[in-house]
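Notes for the one structure printed next.
The values are calculated or read from the model by the stated rules, or taken from the named source; none is laboratory data. None of these values were measured; they are calculated from a predicted model. We place every Cβ from the backbone using ideal geometry, glycine too, and count neighbours over all the protein chains shown. Only protein heavy atoms, including side chains, enter the accessible area calculation; ligands, DNA and RNA are left aside. Shrake-Rupley method; radii C 1.70, N 1.55, O 1.52, S 1.80 Å.
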Amino acid sequence: MTPDRIRSEVSAWLDANWRTDRPLIEWREILLDGGWAAPHWPEEWYGRGFTLDQTAVVAEVFREKDAVPAAQVGPRGLASETILACGSDDQKRRFLRPILTGEHTWCQLFSEPGSGSDLAGLSTRAELKDGKWIINGQKVWNTSAHHADFGLLVARTDWDVPKHQGISYFLLDMRQPGVEARPLRQMNGHQSFNEVFMTNAVVAPEDLIGGEGNGWHVAKTTLSFERRGFSRRVRGSSIDGAKQGPIYEEYEEELRIAAEPYTWYPQREGRVDLVLPRARETGAIADPATRQEIAKLLCLYTGARLASDSAEASRKAGTTEIIPAGSIGKLAASVIARQASHVHTMISGADAMLSGPDSAADGIIAEVLVSVPAISIAGGTDEIQRNIISERVLGMPKGYRADQGPFRDIKRNA
Amino acid sequence: MQTEFSKEQNLLRDIVSRALRDKSPATAVRESMETDRGYDPAVWQELCGDAGLAGVHVAEVHGGAGGGAVELGIVAEEMGRTLFCGPWFASAAMAGTALLEAANDSDREELLPGVADGSTIATLVLDDLNGPAGVGASITSAADGKLSGTAAMVLDAHVADLLLVVAGGAGGLGLHAVEGGAPGLAVEPLQVVDPTRKLSRVAFSDVPGRRVGEVTGDTLNRIWDRICSALAHEMIGGAQHLFETTVNYTKERFQFGRPIGSFQALKHRCADLLLEIEIARALTHHSARCLDAGAGEPWAASMAKAAAADACMSAARAGIQLRGGIGFTWENDTHLWFKRAKGSEVLFGTPAIHRERMMTMLEGAA
Ligand SMILES: Cc1cc2nc3c(=O)[nH]c(=O)nc-3n(C[C@H](O)[C@H](O)[C@H](O)COP(=O)(O)OP(=O)(O)OC[C@H]3O[C@@H](n4cnc5c(N)ncnc54)[C@H](O)[C@@H]3O)c2cc1C
C-alpha cells in the first residue's frame, strides 16, 4: 500500500472510531479489531503485514490526531516477537492481545549471577512434576521485573546433554508466591533492573514455548530482535504534551509506571541530538578540535542510520530468521554512544563535574556520562557482538572451547 | 531520493565488475604500474571505447549513457576494488565532471563526446588539491587567453590529449581548454608513493588556451563534491578488496596449531573494520544519491570522503598487519592497495579537512 493510501485509510478509521471518553482498555480492544494496533504484525494476528516504513506512516497519523496507540513500552516487544515467531496458536491467542491492550507487561529473565555473556551456561532448574514445570534458581539484571506480569524465562531441563541442548523457554507468570523481584541500584542512580528469585515457581505445560530442549533457538530469536532494536527504534507513536480527556489520564498513568525504568535510555545512547545545540550554546563550536570530534560523531551517526535503514527497510516482524546483522547495529550504537559521551565531555569542559540542576541541560548531560557504559553491556556486550560478527557474518573460525560435552561436567561459577 | 540501487544499476555493477576482474588482475596492475605511460591502451579501448565506462555519467546526446553520480560511483568502486591502472579517474571523473558542470553548451558539445568514448584522454588541472578555496591562485589567464603558472600535481597529465585548467585572471575564475603538447606547456612526471596513479608537475608559460566556461565558487564546490564522491567510491572498493582478502587470509594461515582467524584479537579487529566499512559505504552511496537528487545534506560528499578515507586506511593497515612479514613484502599485493589508499586519503582534502568543511557548511546552514 502506498503511504498516501495508508494515510487516508488510517485517518478515516480514526475519524470514525477515536474518542477520548472511553476507558483505555476498551479503546485498545477497538483498535485491535480495527487492525491498526500493530500493522507490522502478520494479518492472522491483528496486523497487516506492513513494513516498518509503512508502520511509521500509521504512527504519524496517530500522532497528528493525538490518538492513543497500542501499548508499546518495555520488553513487551521482545515477548510479542518471540511468541509470534515461535509460539503455538494457543499461545498467540492467549498472550498477544493483552500485550497490545496493555493489560500485561513483561520482562526478560535471561541473565543469571553465574552466566551472562555465556547465556547458554545458565543453571536455573526446571523440572516436570505432576504435570507442571517447577522452577528453582536466580536471575539478575532483569529490567522492569519489579512490575511485570509475565517473564520470558530460560531454564535448564536437561543436565546430561551439551549446554545448548538442555535449555527450555517458558512464559512465566510473575504474580505467584514462588517469584520475588528485588530492585537493584545502578551506577547512574536509577533502579531499572532487578534480581529475581524463583522458589518452586510453577509454569503450566502449555506455557513452554518452542518445545522442551529447544529453548536456545527461541532465546536467539529474542536476542536477535533485541539487538536490532538498538540500531532501529521500532517507530511507535507517542503523544506530545498534556491533552484533555479521561483516556489521556489513564494513558499517562500507564506510561508513568511502564516507562519509568527507561527514562535514562535516551541518555545511554549518548543524546546525539543535544550535541550541536550544546556546542553552540557554550561556544565550543568554535574550537577546531571539538569540531573534528563532532564531525566524526555525525558521520558515524548518519552512516549507521543509512546502513540500518537499507538493511531493515523491507523487513517485517514475526519472521523467524535470526540475523547476525543485528549485532552490527548494536555495536554501532555503542560506538556512537561512546563518541557522543566523549564529545559532550569536550563541550562541557570542567562543568562536566556537575550533576543535577546545577549542571548542563538540567542534569541530562551528567546522566549521559554515567549511563553510556550500559549500552555496551546490556543486550550482549560489545565483545560478544564482535564474536558474533566475526564468526557468523565473516565466517572466521571458532576459537578453542572449554565447554563441550554434558553440561554437568563443565566448570562454572560457584 | 533513491535509497537502493535500481535493477539497471546493479546490472551495470555486474558488467563492470566482470570486465575489470578479467582486464585488471593484479598481474596487469603490476605490469602497468612499471611503465611510464601507466596503462594498457588496448584495455583502455575495450573498457572506454567499447564498454563506455568513461561516459556513464554523460548525457546520451553527448555520447554517454545518461547516468549520474551513482553510475559514476559504481564504476569508481569497481575500479578501486581491482586497482585499475589508467586515466579513467582523471579523464572521466575529473575532466568529464568539470565539463558537465562548468563548460558552455557549445564547448560541451565539442569536447564531451571524446571524453565519453575514451578517444580523448583528458585531465583536470587544479593548482590546489586540498580544497576548492585555494584553486586558481597559481595559474592565471591573460587577456589574450594565454595561461601562465604552475600546478604542483596533476593526475595523468603525461598522457592527456586535453587539459582542462581552472585558472584565475581576466574575467574571473574560468575553465580553460589546453591541448596536450601545446607550446609553452611543460609536463614533468613526478616520483610517487602510489605507482598505480601517475602524477606530473605542469608548468604553463604563455600557453595558448580557450576559455570554455565560467567557474563560480558554487560551480567549483559542485565539481569538488562530485569528484570527492567518486573518489570515496573508489576507496570503498579498495577497502572491500583489502578486507575480504585479509579475512580470507586469517582463515588459511595456521599458527599455534590453529587458524590465526580463530584468535579473538584478530576477530575483533575484523568485526570493527566491518562496521567502519559498512558505515563509510552507506555514507558514500548516500553522497551520490544526494548529488543526483540535488537534495539531502549539502555536506554529504565531505562526510563520504572523510569516512571512506579513514575506513580504507584502516583496512589497509589491517591488511598488512594481519599478514605479518609477508604483508610487508613487495611481492605480496597488499601494499599496492595500501599505497592507493594513502594517496586517496590526502587527494582532494584529508579527512580532517573534509570534517572541517562539513562543519563550516553545517554552521552556515544553521
Ligand atoms: C542496563 C542493563 C539492563 C539489562 N537488562 C537485562 C534484562 O532485562 N534481562 C536480562 O536477562 N539481562 C539483562 N541485562 C544483563 C546483560 O545481558 C548482561 O549483563 C550481559 O550479557 C553481560 O553478562 P555479565 O554481566 O554476566 O558479564 P560477563 O558475561 O561476566 O562479562 C564480563 C566481561 O567479560 C567479557 N566476556 C565474556 N565472555 C566473553 C567472550 N566469550 N569473549 C570476550 N569477552 C568476553 C564481557 O564482554 C565483559 O566485558 C542487563 C544489563 C544491563 C547493564
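Quick rundown of the values:
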quantity	calculated
Residues of the stretch B:106-140 classified as out of contact with any Asp or Glu (no Cβ under 8 Å at 6 or more places or on another chain) and within 30 Å of B:Glu356 (Cβ to Cβ), total	11
Checklist (1) within 30 Å of A:Gly166 (Cα to Cα); (2) open to solvent by 50 Å² or more (accessible area, probe 1.4 Å); (3) more than 14 Å from every other protein chain (Cβ to nearest Cβ) applied to A:Lys398, failing item	(3)
Selection within the stretch B:289-307 - small (Gly, Ala, Ser), open to solvent by 40 Å² or more (accessible area, probe 1.4 Å) and within 13 Å of another protein chain (Cβ to nearest Cβ)	B:Gly296
Residues of the stretch A:113-135 satisfying the condition of being in contact with a Phe, Trp or Tyr (Cβ under 9 Å, 6 or more places away or on another chain) and of a type outside the set (Gly, Ala, Ser)	A:Leu119, A:Leu122, A:Arg125, A:Glu127, A:Trp133, A:Ile135
Helices (runs of 4 or more DSSP H) completely within the stretch A:322-414 that count 1 or more residues being among the acidic types (Asp, Glu)	A:364-371, A:382-388
Selected residue (only one of B:Ser148, B:Ser141, B:Ser200, B:Ser205 is touching a Pro at 6+ places or on another chain (Cβ under 6 Å) and among the polar types (S, T, N, Q))	B:Ser200
The stretch B:322-351 - residue that is touching a helix residue (DSSP H, G or I) at 6+ places or on another chain (Cβ under 7 Å) and free of Cβ contacts under 8 Å to residues at least 12 places away in the same chain and, of those, nearest to the other protein chains (Cβ to nearest Cβ)	B:Gly327
Matching option when the condition is within 16 Å of A:Arg227 (Cα to Cα) and either of a type in the set (Asp, Glu) or in contact with a Phe, Trp or Tyr (Cβ under 6 Å, 6 or more places away or on another chain) (or both), among A:Ala333, A:Ala378	A:Ala333
Unmet requirement for A:Gly379, which otherwise passes all of (1) surrounded by 14 or more Cβ atoms within 10 Å (Cβ to Cβ); (2) at pLDDT 95 or above; (3) away from every other protein chain (no Cβ under 14 Å)	(2)
Criterion (within 9 Å of the ligand (Cβ to nearest atom) and assigned by TED's automatic domain parsing to the domain that holds A:Lys220) met by exactly one of A:Leu109, A:Leu153	A:Leu109
All positions within the stretch B:103-160 that are among the β-branched types (Val, Ile, Thr) and free of Cβ contacts under 8 Å to residues at least 12 places away in the same chain	none
Condition met for B:Val115 (part of a strand (DSSP E or B), closer than 14 Å to B:Phe89 by Cβ and either in the same structural domain as B:Trp299 (by TED's automatic domain parsing) or open to solvent by less than 10 Å² (accessible area, probe 1.4 Å) (or both))	no
Evaluation of B:Asn221 against (1) over 23 Å from B:Gly136 (Cβ atoms); (2) open to solvent by 10 Å² or more (accessible area, probe 1.4 Å) (one fails), failing number	(1)
Identity of the residue in the stretch B:86-112, open to solvent by 10 Å² or more (accessible area, probe 1.4 Å) and in a loop (DSSP other than H, G, I, E, B), that ends up farthest from B:Ala157 (Cα to Cα)	B:Asn104
Where A:Gly121 falls short, out of the listed (1) within 21 Å of the chain's Cα centre (by Cα); (2) within 16 Å of the ligand (Cβ to nearest atom)	(1)
Breaking point among (1) open to solvent by less than 10 Å² (accessible area, probe 1.4 Å); (2) more than 14 Å from chain A (Cβ to nearest Cβ), for B:His241	(1)
Qualifying residue in the stretch A:222-235 (condition: free of Cβ contacts under 8 Å to residues at least 12 places away in the same chain, away from the ligand (no atom under 16 Å from the Cβ) and open to solvent by 30 Å² or more (accessible area, probe 1.4 Å))	yes
The lone exception for B:Pro208 - which of (1) within 19 Å of B:Ala151 (Cβ to Cβ); (2) within 22 Å of the chain's Cα centre (by Cα) it fails	(2)
Members of the stretch B:169-191 found to be in a strand (DSSP E or B) and at pLDDT 95 or above, listed by number	B:Gly174, B:Leu175, B:His176, B:Ala177, B:Val178, B:Glu179, B:Leu185, B:Ala186, B:Val187, B:Glu188, B:Pro189
Positions within the stretch A:1-46 being open to solvent by less than 50 Å² (accessible area, probe 1.4 Å), in a loop (DSSP other than H, G, I, E, B) and among the basic types (Lys, Arg), in sequence order	A:Arg22
Residue identified as in a helix (DSSP H, G or I), more than 22 Å from A:Arg175 (Cα to Cα) and outside the structural domain of A:Ala204 (by TED's automatic domain parsing) among A:Ala67, A:Ala79, A:Ala85	A:Ala85
Boolean, B:Val58 is crowded, with 18+ Cβ neighbours inside 10 Å and not in a helix (DSSP H, G or I)	yes
Residues being more than 10 Å from chain A (Cβ to nearest Cβ) and among the basic types (Lys, Arg) - total across the stretch B:260-288	0
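Residues checked against (1) at pLDDT below 95; (2) within 24 Å of A:His217 (Cα to Cα); (3) open to solvent by 20 Å² or more (accessible area, probe 1.4 Å):
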| site | (1), (2), (3) |
| --- | --- |
| A:Glu321 | yes, yes, yes |
| A:Ile328 | yes, yes, yes |
| A:Leu331 | no, yes, no |
| A:Ala337 | no, no, no |
| A:Ala361 | yes, no, yes |
| A:Leu369 | no, no, yes |
| A:Pro373 | no, no, yes |
